[in-house]
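Asker: Dropping a structure here in C-alpha coordinates format, bear with me for questions.
The values are calculated or read from the model by the stated rules, or taken from the named source; none is laboratory data. What you see is a predicted model, and the numbers here were worked out from it, not measured in a lab. Neighbour counts run over all protein chains shown; Cβ positions are idealised from the backbone, glycine included.
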Amino acid sequence: MSADTFVEHGGGMGPGMGGGADLDLSATTAATFVIEATEPAPGTIPALSAPPGFTPGDAVNPDAPKEFVLSTSRMSHRINGNQWEGRIVTDIETVKAGTVELGSSSTSHRWPAPCISTASRSRWCPAPGTTTAWPGNGPVSATV
Amino acid sequence: MKLRLWAEPATAEIVAGVSSDVYSFRADVVDGDPAAVGPGTSFLGPTLQLQTGQRVQIDFENRLDEACIVHWHGLNVPQDQDGQPTDAIEPGNTYHYDFTVLNRPGTYWYHTHPHGRTGEQVYRGLAGLIIVTDPTAADNGLPTGDHDLALVLQDRTIDPDGTLRYAGAMHDTMAGFVGDTLVTNGVADLQVAVRPEPYRIRLLNGANSRSQYLTWSTGESLHVVATDGHLSPRRSPPMGWSSPRPNAPTCGSTSPPSRRGNGSNS
(Lines give C-alpha, C1' and ligand atoms only; values in the text may rest on other atoms or scores of the structure.)
Protein backbone atom coordinates (compact mmCIF):
# COMPACT_ATOMS: atom_id res chain seq x y z
CA MET A 1 0.00 0.00 0.00
CA SER A 2 1.50 3.25 -1.02
CA ALA A 3 0.67 6.66 0.32
CA ASP A 4 0.71 9.79 -1.72
CA THR A 5 1.22 12.10 1.17
CA PHE A 6 -0.77 15.28 1.34
CA VAL A 7 0.97 17.56 3.77
CA GLU A 8 -1.69 19.87 5.03
CA HIS A 9 -0.10 22.25 7.44
CA GLY A 10 -2.20 23.27 10.35
CA GLY A 11 -5.12 21.58 11.96
CA GLY A 12 -3.00 18.92 13.59
CA MET A 13 -2.77 18.03 17.23
CA GLY A 14 0.36 19.99 17.80
CA PRO A 15 0.93 23.65 18.12
CA GLY A 16 0.00 25.49 15.03
CA MET A 17 -2.30 28.17 13.84
CA GLY A 18 -3.21 26.71 10.51
CA GLY A 19 -2.21 27.86 7.11
CA GLY A 20 -2.23 26.99 3.51
CA ALA A 21 -1.78 23.51 2.25
CA ASP A 22 1.57 22.38 1.00
CA LEU A 23 1.19 19.53 -1.42
CA ASP A 24 3.74 16.77 -1.35
CA LEU A 25 2.42 14.06 -3.59
CA SER A 26 5.50 11.92 -3.63
CA ALA A 27 4.49 8.30 -3.22
CA THR A 28 5.92 6.42 -0.28
CA THR A 29 5.18 3.02 1.17
CA ALA A 30 2.82 2.91 4.14
CA ALA A 31 2.81 -0.89 4.43
CA THR A 32 3.77 -3.89 2.37
CA PHE A 33 1.29 -6.73 2.03
CA VAL A 34 2.97 -10.03 1.32
CA ILE A 35 0.42 -12.23 -0.41
CA GLU A 36 0.41 -15.92 0.34
CA ALA A 37 0.75 -18.18 -2.68
CA THR A 38 -2.68 -19.71 -2.46
CA GLU A 39 -5.62 -19.84 -4.81
CA PRO A 40 -7.32 -16.42 -4.83
CA ALA A 41 -10.75 -16.21 -3.24
CA PRO A 42 -11.92 -12.80 -4.39
CA GLY A 43 -15.29 -12.77 -2.63
CA THR A 44 -17.46 -9.73 -2.87
CA ILE A 45 -17.58 -6.43 -1.12
CA PRO A 46 -20.87 -6.34 0.76
CA ALA A 47 -23.53 -3.88 -0.21
CA LEU A 48 -24.10 -2.03 3.01
CA SER A 49 -27.36 -0.76 4.32
CA ALA A 50 -27.93 2.54 6.06
CA PRO A 51 -25.94 3.07 9.24
CA PRO A 52 -27.64 1.19 12.08
CA GLY A 53 -29.46 3.34 14.57
CA PHE A 54 -28.85 6.56 12.74
CA THR A 55 -31.49 7.90 10.42
CA PRO A 56 -32.83 11.41 9.89
CA GLY A 57 -36.13 10.18 11.28
CA ASP A 58 -34.47 9.77 14.68
CA ALA A 59 -33.59 13.45 14.88
CA VAL A 60 -34.98 15.50 17.74
CA ASN A 61 -34.91 18.67 15.65
CA PRO A 62 -36.39 17.70 12.29
CA ASP A 63 -38.00 21.11 11.83
CA ALA A 64 -35.05 23.20 12.98
CA PRO A 65 -31.76 21.77 11.78
CA LYS A 66 -28.71 23.46 13.22
CA GLU A 67 -26.55 25.45 10.88
CA PHE A 68 -22.82 25.79 11.28
CA VAL A 69 -21.24 28.38 9.03
CA LEU A 70 -17.53 27.91 9.47
CA SER A 71 -15.09 30.68 8.81
CA THR A 72 -11.70 31.92 9.84
CA SER A 73 -10.88 35.45 10.84
CA ARG A 74 -8.07 37.12 12.77
CA MET A 75 -6.20 33.83 13.18
CA SER A 76 -9.14 32.06 14.80
CA HIS A 77 -11.79 29.64 13.67
CA ARG A 78 -15.38 30.78 13.90
CA ILE A 79 -18.82 29.20 13.96
CA ASN A 80 -21.63 31.43 12.75
CA GLY A 81 -19.26 34.35 13.17
CA ASN A 82 -18.44 33.58 16.80
CA GLN A 83 -14.90 32.61 17.72
CA TRP A 84 -14.65 28.94 18.54
CA GLU A 85 -13.30 28.54 22.02
CA GLY A 86 -12.59 25.02 23.22
CA ARG A 87 -13.09 25.90 26.87
CA ILE A 88 -16.55 27.36 26.33
CA VAL A 89 -19.25 25.09 24.98
CA THR A 90 -22.09 26.99 23.40
CA ASP A 91 -25.62 25.73 22.98
CA ILE A 92 -25.20 25.09 19.29
CA GLU A 93 -22.20 22.87 20.02
CA THR A 94 -24.11 20.75 22.53
CA VAL A 95 -25.89 17.55 21.64
CA LYS A 96 -27.46 15.38 24.30
CA ALA A 97 -25.69 12.03 24.42
CA GLY A 98 -27.64 9.29 22.74
CA THR A 99 -29.71 11.61 20.59
CA VAL A 100 -29.55 12.50 16.93
CA GLU A 101 -29.72 16.05 15.67
CA LEU A 102 -29.89 17.32 12.14
CA GLY A 103 -27.47 20.01 11.12
CA SER A 104 -25.49 21.27 8.22
CA SER A 105 -22.13 22.90 8.00
CA SER A 106 -20.56 24.90 5.26
CA THR A 107 -17.33 26.71 4.69
CA SER A 108 -15.87 28.59 1.84
CA HIS A 109 -12.54 29.22 3.51
CA ARG A 110 -9.35 27.55 2.40
CA TRP A 111 -8.38 26.61 5.95
CA PRO A 112 -9.61 23.32 7.29
CA ALA A 113 -12.00 23.77 10.19
CA PRO A 114 -10.88 21.62 13.12
CA CYS A 115 -13.85 22.32 15.35
CA ILE A 116 -16.33 20.06 13.56
CA SER A 117 -16.07 16.29 13.66
CA THR A 118 -18.13 14.93 10.84
CA ALA A 119 -20.14 11.81 11.48
CA SER A 120 -21.74 11.55 8.08
CA ARG A 121 -21.07 13.47 4.94
CA SER A 122 -23.55 14.25 2.24
CA ARG A 123 -20.86 13.44 -0.27
CA TRP A 124 -17.40 12.06 -0.25
CA CYS A 125 -14.09 13.78 0.06
CA PRO A 126 -12.42 13.72 -3.31
CA ALA A 127 -8.90 12.94 -4.18
CA PRO A 128 -6.32 15.70 -3.97
CA GLY A 129 -6.32 17.77 -7.09
CA THR A 130 -10.06 18.08 -7.33
CA THR A 131 -11.59 21.33 -6.32
CA THR A 132 -14.74 20.70 -4.35
CA ALA A 133 -16.00 19.07 -1.19
CA TRP A 134 -12.71 19.08 0.71
CA PRO A 135 -12.96 21.58 3.56
CA GLY A 136 -9.74 23.22 2.55
CA ASN A 137 -10.70 23.72 -1.04
CA GLY A 138 -14.22 24.95 -1.24
CA PRO A 139 -17.80 24.60 -0.13
CA VAL A 140 -18.77 21.38 1.54
CA SER A 141 -21.92 20.27 3.24
CA ALA A 142 -22.11 17.66 5.91
CA THR A 143 -24.35 16.19 8.51
CA VAL A 144 -22.91 16.28 11.99
CA MET B 1 -15.63 -4.15 32.68
CA LYS B 2 -12.77 -2.75 34.70
CA LEU B 3 -9.39 -1.88 33.24
CA ARG B 4 -6.13 -0.53 34.56
CA LEU B 5 -4.35 1.77 32.14
CA TRP B 6 -1.11 3.63 32.61
CA ALA B 7 1.33 5.80 30.67
CA GLU B 8 5.02 5.23 31.14
CA PRO B 9 8.40 5.78 29.48
CA ALA B 10 9.39 2.85 27.29
CA THR B 11 11.57 1.87 24.38
CA ALA B 12 10.45 0.70 20.95
CA GLU B 13 12.09 -0.55 17.79
CA ILE B 14 10.46 1.77 15.24
CA VAL B 15 13.28 1.30 12.74
CA ALA B 16 14.60 -2.27 12.67
CA GLY B 17 17.64 -2.68 14.87
CA VAL B 18 17.38 0.77 16.42
CA SER B 19 15.93 1.42 19.87
CA SER B 20 14.00 4.64 20.47
CA ASP B 21 12.91 6.18 23.75
CA VAL B 22 9.14 6.60 23.67
CA TYR B 23 6.09 6.97 25.86
CA SER B 24 3.56 4.18 25.84
CA PHE B 25 0.15 3.26 27.19
CA ARG B 26 -0.11 -0.14 28.82
CA ALA B 27 -3.23 -1.81 30.20
CA ASP B 28 -4.62 -4.92 31.80
CA VAL B 29 -8.09 -6.21 32.59
CA VAL B 30 -9.07 -6.12 36.23
CA ASP B 31 -12.58 -7.49 35.76
CA GLY B 32 -14.01 -8.71 32.47
CA ASP B 33 -13.02 -10.43 29.27
CA PRO B 34 -9.19 -10.61 29.08
CA ALA B 35 -9.48 -10.21 25.30
CA ALA B 36 -10.74 -6.66 25.83
CA VAL B 37 -7.11 -5.52 25.94
CA GLY B 38 -5.29 -6.56 22.80
CA PRO B 39 -1.58 -6.48 22.28
CA GLY B 40 0.08 -3.18 21.58
CA THR B 41 2.55 -2.86 18.73
CA SER B 42 5.78 -0.93 19.05
CA PHE B 43 5.03 2.25 21.00
CA LEU B 44 1.28 2.09 20.43
CA GLY B 45 -0.97 1.28 23.32
CA PRO B 46 -3.05 -1.89 23.35
CA THR B 47 -6.17 -2.02 21.21
CA LEU B 48 -9.22 -1.80 23.48
CA GLN B 49 -12.15 -3.97 22.43
CA LEU B 50 -15.34 -2.40 23.76
CA GLN B 51 -19.00 -3.18 23.20
CA THR B 52 -21.93 -0.90 22.57
CA GLY B 53 -23.88 -0.51 25.80
CA GLN B 54 -21.03 -1.72 27.96
CA ARG B 55 -20.13 0.04 31.21
CA VAL B 56 -16.40 0.67 31.31
CA GLN B 57 -14.44 1.61 34.41
CA ILE B 58 -10.82 2.54 33.93
CA ASP B 59 -8.22 3.63 36.45
CA PHE B 60 -5.62 5.62 34.56
CA GLU B 61 -2.27 6.16 36.25
CA ASN B 62 0.26 8.72 35.07
CA ARG B 63 3.74 7.21 35.40
CA LEU B 64 5.38 9.92 33.29
CA ASP B 65 7.31 12.86 34.65
CA GLU B 66 4.84 15.34 33.16
CA ALA B 67 1.09 15.92 33.19
CA CYS B 68 -1.06 13.60 31.10
CA ILE B 69 -4.66 12.50 30.59
CA VAL B 70 -6.52 10.10 28.26
CA HIS B 71 -9.09 11.31 25.73
CA TRP B 72 -11.44 8.76 24.15
CA HIS B 73 -11.50 10.15 20.64
CA GLY B 74 -14.90 9.74 19.04
CA LEU B 75 -16.64 8.16 21.99
CA ASN B 76 -19.73 9.92 23.26
CA VAL B 77 -18.99 10.29 26.94
CA PRO B 78 -19.86 12.90 29.57
CA GLN B 79 -17.61 15.93 29.82
CA ASP B 80 -15.81 14.77 32.96
CA GLN B 81 -15.08 11.41 31.33
CA ASP B 82 -13.71 12.84 28.10
CA GLY B 83 -10.12 13.45 29.16
CA GLN B 84 -10.01 17.14 28.37
CA PRO B 85 -6.82 19.18 28.96
CA THR B 86 -8.38 20.61 32.10
CA ASP B 87 -8.55 17.06 33.49
CA ALA B 88 -4.80 16.41 33.09
CA ILE B 89 -3.24 14.77 36.11
CA GLU B 90 0.24 15.22 37.50
CA PRO B 91 2.82 12.42 37.72
CA GLY B 92 1.89 9.72 40.19
CA ASN B 93 -1.80 10.56 40.17
CA THR B 94 -4.74 8.46 39.01
CA TYR B 95 -7.90 9.47 37.12
CA HIS B 96 -10.98 7.31 37.46
CA TYR B 97 -13.14 6.87 34.36
CA ASP B 98 -16.61 5.40 34.49
CA PHE B 99 -18.76 5.62 31.37
CA THR B 100 -21.06 3.62 29.15
CA VAL B 101 -20.18 3.00 25.51
CA LEU B 102 -22.96 4.68 23.53
CA ASN B 103 -21.29 4.54 20.15
CA ARG B 104 -22.14 2.40 17.20
CA PRO B 105 -19.67 -0.30 16.24
CA GLY B 106 -16.64 1.20 14.60
CA THR B 107 -13.04 2.27 14.91
CA TYR B 108 -12.09 4.93 17.42
CA TRP B 109 -8.92 5.76 19.29
CA TYR B 110 -7.59 7.07 22.55
CA HIS B 111 -4.74 9.47 23.03
CA THR B 112 -3.16 11.73 25.58
CA HIS B 113 -4.59 15.24 25.78
CA PRO B 114 -2.77 17.72 28.05
CA HIS B 115 -2.83 21.36 27.05
CA GLY B 116 0.08 22.28 24.79
CA ARG B 117 1.62 18.82 25.00
CA THR B 118 -0.86 16.64 23.13
CA GLY B 119 0.96 16.69 19.81
CA GLU B 120 4.35 15.76 21.19
CA GLN B 121 3.05 13.16 23.64
CA VAL B 122 1.10 11.44 20.88
CA TYR B 123 4.19 11.68 18.71
CA ARG B 124 6.19 9.93 21.43
CA GLY B 125 3.65 7.12 21.53
CA LEU B 126 0.64 7.89 23.69
CA ALA B 127 -2.15 6.59 21.48
CA GLY B 128 -4.01 3.39 20.76
CA LEU B 129 -7.06 2.05 18.95
CA ILE B 130 -10.54 1.41 20.29
CA ILE B 131 -12.69 -1.03 18.37
CA VAL B 132 -16.35 -0.98 19.33
CA THR B 133 -18.49 -3.98 18.48
CA ASP B 134 -22.12 -4.83 19.10
CA PRO B 135 -22.85 -8.52 19.58
CA THR B 136 -26.53 -7.87 18.95
CA ALA B 137 -26.01 -6.10 15.62
CA ALA B 138 -26.80 -7.86 12.39
CA ASP B 139 -23.93 -9.34 10.44
CA ASN B 140 -22.86 -6.70 7.95
CA GLY B 141 -20.96 -9.11 5.79
CA LEU B 142 -17.60 -7.49 6.31
CA PRO B 143 -14.53 -9.65 6.78
CA THR B 144 -13.83 -10.51 10.40
CA GLY B 145 -11.22 -12.22 12.51
CA ASP B 146 -7.78 -12.32 10.94
CA HIS B 147 -9.27 -10.65 7.86
CA ASP B 148 -10.05 -7.55 9.89
CA LEU B 149 -6.82 -5.53 10.00
CA ALA B 150 -6.05 -2.24 11.67
CA LEU B 151 -3.38 0.18 10.48
CA VAL B 152 -2.36 3.27 12.42
CA LEU B 153 -0.71 5.75 10.05
CA GLN B 154 1.81 8.19 11.49
CA ASP B 155 5.08 9.85 10.59
CA ARG B 156 8.26 10.38 12.54
CA THR B 157 11.69 11.90 12.15
CA ILE B 158 14.19 9.49 13.67
CA ASP B 159 17.90 10.14 14.09
CA PRO B 160 20.29 7.27 13.30
CA ASP B 161 20.69 6.65 17.05
CA GLY B 162 16.93 6.24 17.41
CA THR B 163 16.18 9.65 18.89
CA LEU B 164 12.75 10.95 17.93
CA ARG B 165 12.90 14.57 16.82
CA TYR B 166 9.75 16.67 17.09
CA ALA B 167 8.87 20.22 16.11
CA GLY B 168 12.32 21.66 16.38
CA ALA B 169 11.85 24.50 13.96
CA MET B 170 9.63 27.54 14.09
CA HIS B 171 7.93 26.34 10.93
CA ASP B 172 6.88 23.16 12.74
CA THR B 173 5.41 25.15 15.58
CA MET B 174 3.56 27.49 13.30
CA ALA B 175 2.35 25.06 10.68
CA GLY B 176 2.27 21.60 12.25
CA PHE B 177 4.95 18.95 12.39
CA VAL B 178 5.58 16.56 9.53
CA GLY B 179 8.02 13.68 9.97
CA ASP B 180 10.13 12.32 7.14
CA THR B 181 9.45 8.63 7.76
CA LEU B 182 6.07 6.92 7.42
CA VAL B 183 5.39 4.74 10.43
CA THR B 184 2.52 2.25 10.35
CA ASN B 185 1.49 0.42 13.50
CA GLY B 186 4.53 1.92 15.16
CA VAL B 187 7.14 0.62 12.75
CA ALA B 188 8.74 1.79 9.55
CA ASP B 189 8.48 -0.62 6.61
CA LEU B 190 5.58 -2.62 8.05
CA GLN B 191 4.98 -5.94 6.34
CA VAL B 192 1.66 -7.75 6.64
CA ALA B 193 1.17 -11.35 5.53
CA VAL B 194 -2.17 -11.83 3.81
CA ARG B 195 -3.97 -14.28 1.58
CA PRO B 196 -5.44 -13.30 -1.80
CA GLU B 197 -8.87 -12.70 -0.29
CA PRO B 198 -10.95 -9.68 0.74
CA TYR B 199 -9.85 -7.92 3.90
CA ARG B 200 -11.32 -5.19 6.01
CA ILE B 201 -8.69 -2.60 6.85
CA ARG B 202 -9.35 -0.11 9.62
CA LEU B 203 -7.27 3.00 9.06
CA LEU B 204 -6.42 5.61 11.63
CA ASN B 205 -4.40 8.63 10.67
CA GLY B 206 -2.70 9.42 13.96
CA ALA B 207 -0.19 11.85 12.46
CA ASN B 208 0.15 15.41 13.61
CA SER B 209 -0.40 17.10 10.28
CA ARG B 210 0.21 14.68 7.43
CA SER B 211 -2.70 13.58 5.27
CA GLN B 212 -2.30 10.56 3.04
CA TYR B 213 -3.92 9.46 -0.17
CA LEU B 214 -3.74 5.68 -0.08
CA THR B 215 -3.52 3.39 -3.05
CA TRP B 216 -2.31 -0.08 -3.86
CA SER B 217 0.92 0.01 -5.81
CA THR B 218 -0.73 -2.36 -8.28
CA GLY B 219 -3.43 0.15 -9.05
CA GLU B 220 -6.26 -1.93 -7.63
CA SER B 221 -9.12 -0.38 -5.76
CA LEU B 222 -9.64 0.34 -2.11
CA HIS B 223 -13.32 0.68 -1.26
CA VAL B 224 -14.32 2.86 1.65
CA VAL B 225 -17.10 1.09 3.53
CA ALA B 226 -17.21 3.16 6.69
CA THR B 227 -15.95 6.37 8.16
CA ASP B 228 -15.84 7.99 11.56
CA GLY B 229 -17.50 5.14 13.35
CA HIS B 230 -20.32 4.09 11.09
CA LEU B 231 -20.88 2.10 7.99
CA SER B 232 -21.47 3.89 4.76
CA PRO B 233 -24.81 3.51 3.02
CA ARG B 234 -23.15 2.87 -0.29
CA ARG B 235 -19.84 2.02 -1.77
CA SER B 236 -17.46 4.86 -2.13
CA PRO B 237 -15.34 5.76 -5.09
CA PRO B 238 -12.36 3.44 -5.10
CA MET B 239 -9.94 5.40 -3.01
CA GLY B 240 -8.50 5.61 0.43
CA TRP B 241 -8.25 9.03 1.94
CA SER B 242 -6.86 9.50 5.38
CA SER B 243 -6.37 12.82 7.07
CA PRO B 244 -5.28 13.24 10.68
CA ARG B 245 -7.73 12.02 13.33
CA PRO B 246 -10.81 10.82 11.43
CA ASN B 247 -10.97 7.05 11.29
CA ALA B 248 -11.82 5.46 7.99
CA PRO B 249 -12.11 1.69 7.94
CA THR B 250 -11.92 0.39 4.43
CA CYS B 251 -12.40 -2.90 2.75
CA GLY B 252 -9.73 -3.71 0.27
CA SER B 253 -9.09 -6.88 -1.60
CA THR B 254 -5.56 -8.08 -1.93
CA SER B 255 -6.54 -10.32 -4.77
CA PRO B 256 -4.29 -9.42 -7.64
CA PRO B 257 -5.79 -9.10 -11.10
CA SER B 258 -3.94 -12.17 -12.20
CA ARG B 259 -2.65 -15.13 -10.27
CA ARG B 260 0.51 -14.26 -8.45
CA GLY B 261 2.81 -16.02 -6.15
CA ASN B 262 4.48 -14.30 -3.27
CA GLY B 263 3.90 -10.87 -4.61
CA SER B 264 3.19 -7.82 -2.63
CA ASN B 265 0.89 -4.89 -2.77
CA SER B 266 2.75 -2.04 -1.22
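Condition check ((1) within 20 Å of B:GLY229 (Cα to Cα); (2) among the polar types (S, T, N, Q)) across all residues:
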{"site": "B:THR94", "(1), (2)": "no, yes"}
{"site": "B:THR100", "(1), (2)": "yes, yes"}
{"site": "B:GLY116", "(1), (2)": "no, no"}
{"site": "B:THR133", "(1), (2)": "yes, yes"}
{"site": "B:PRO143", "(1), (2)": "yes, no"}
{"site": "B:HIS147", "(1), (2)": "yes, no"}
{"site": "B:LEU151", "(1), (2)": "yes, no"}
{"site": "B:ASP155", "(1), (2)": "no, no"}
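Asker: Looking at segment B:202-225, which of its residues are more than 8 Å from chain A (Cβ to nearest Cβ) and either within 18 Å of the chain's Cα centre (by Cα) or modelled with pLDDT of 80 or more (or both)?
Answerer: Correct list: B:ARG202, B:LEU203, B:LEU204, B:ASN205, B:GLY206, B:THR218.
Asker: State whether one or more residues within segment B:22-35 are surrounded by fewer than 21 Cβ atoms within 10 Å (Cβ to Cβ), away from every other protein chain (no Cβ under 14 Å), within 30 Å of B:GLY162 (Cβ to Cβ) and not small (Gly, Ala, Ser).
Answerer: Taking every residue of segment B:22-35 in turn, at least one turns out to be surrounded by fewer than 21 Cβ atoms within 10 Å (Cβ to Cβ), away from every other protein chain (no Cβ under 14 Å), within 30 Å of B:GLY162 (Cβ to Cβ) and not small (Gly, Ala, Ser).
Asker: Which residues, taken from segment B:175-197, are modelled with pLDDT under 85 and either touching a Cys at 6+ places or on another chain (Cβ under 7 Å) or exposed (fewer than 15 other Cβ atoms within 10 Å of the Cβ) (or both)?
Answerer: Matches in segment B:175-197: none.
Asker: Let me ask something else about it. Mind checking which residues of segment B:112-121 are buried (at least 20 other Cβ atoms within 10 Å of the Cβ), more than 8 Å from chain A (Cβ to nearest Cβ) and closer than 21 Å to B:VAL77 by Cα?
Answerer: Hits for segment B:112-121 are B:THR112, B:HIS113, B:PRO114.
Asker: Something else about it: Do any residues in segment A:92-106 that are part of a helix (DSSP H, G or I) have Cβ atoms under 8 Å from those of residues that are at pLDDT 75 or above and of a type in the set (A, V, I, L, M, F, W, C), where the two are at least six apart or on different chains, and which pairs are they?
Answerer: A:ILE92/A:PHE68; A:ILE92/A:ILE79; A:GLU93/A:ILE79
Asker: Also: Quickly run through segment B:138-179 and pick out the residues that are part of a strand (DSSP E or B), of a type in the set (A, V, I, L, M, F, W, C) and over 21 Å from B:TYR213 (Cα atoms).
Answerer: Answer for segment B:138-179, where residues must be part of a strand (DSSP E or B), of a type in the set (A, V, I, L, M, F, W, C) and over 21 Å from B:TYR213 (Cα atoms): B:ILE158, B:LEU164.
Asker: On to the next question. I'm told B:ARG165 meets every condition in (1) of a type in the set (Lys, Arg); (2) under 28 Å from B:GLU120 (Cα atoms); (3) at the interface with another protein chain (Cβ under 8 Å from one of its Cβ atoms) except one. Can you identify the failing condition by its number?
Answerer: (3)
Asker: Can you tell me how many residues in segment B:190-201 are at the interface with another protein chain (Cβ under 7 Å from one of its Cβ atoms) and either part of a loop (DSSP other than H, G, I, E, B) or of a type in the set (A, V, I, L, M) (or both)?
Answerer: First, pick out the residues of segment B:190-201 that are at the interface with another protein chain (Cβ under 7 Å from one of its Cβ atoms): B:190-198.
Imposing the further condition that a residue be either part of a loop (DSSP other than H, G, I, E, B) or of a type in the set (A, V, I, L, M) (or both) reduces the set to B:190, B:192-197.
Counting residues in segment B:190-201 that are at the interface with another protein chain (Cβ under 7 Å from one of its Cβ atoms) and either part of a loop (DSSP other than H, G, I, E, B) or of a type in the set (A, V, I, L, M) (or both) gives 7.
Asker: If only one of B:ASP59, B:ASP98 is touching a His at 6+ places or on another chain (Cβ under 8 Å) and under 16 Å from B:ARG4 (Cα atoms), which one is it?
Answerer: Going through B:ASP59, B:ASP98 in turn, the sole match is B:ASP59.
Asker: I would also like to ask the following. Filter segment B:122-141 down to residues that are within 20 Å of B:VAL77 (Cβ to Cβ) and facing chain A (nearest Cβ under 9 Å) and give me whichever is modelled with the lowest pLDDT.
Answerer: B:ASP134
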